[in-house]
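Presented below is the structure to which this report refers.
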C-alpha cells in the first residue's frame, strides 16, 4: 500500500491522545512500504525533534 500515508498520528508526547513511540511509528510505516508519515501531536513540539532525527 505504498500510495497511502498516515497524516494524522499522535505520539506519546500527546497526553491522553496517543501512546505510539516515534521509532515504532516510523518502523511500521517503512515495513508497510509507505513513503511518508506525519505526527500531529497536541500542544507541544517535543516529538518533532525526535521525529526529524529518526526519519
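Readers should treat all values here as calculations from the given coordinates under stated rules, not as data from a laboratory. Just so it is clear, the model here is predicted, and its values are computed rather than measured. Neighbour counts run over all protein chains shown; Cβ positions are idealised from the backbone, glycine included.
Assorted remarks:
- The Kirkwood radius of the chain, taken over pairs of alpha-carbon atoms, gives through the Stokes-Einstein law at 10 °C and 1.306 mPa s a diffusion coefficient of 141 µm² s⁻¹.
- Projected label points at residue 27 and residue 46, each 7 Å from Cα along the beta carbon direction, are separated by 2.1 nanometres.
- Distance between the pseudo-spin-label points of residue 53 and residue 16 (7 Å out from Cα toward the beta carbon): 2.8 nm.
- Residue-span extension gain [residue 35 to residue 8] - 0.36 nm each, minus C-alpha spacing: 8.2 nm
- Helical mean residue ellipticity (222 nm; -39500 (n - 2.57) per DSSP H run of 4+; nearest 500) of the chain: -10000 deg cm²/dmol
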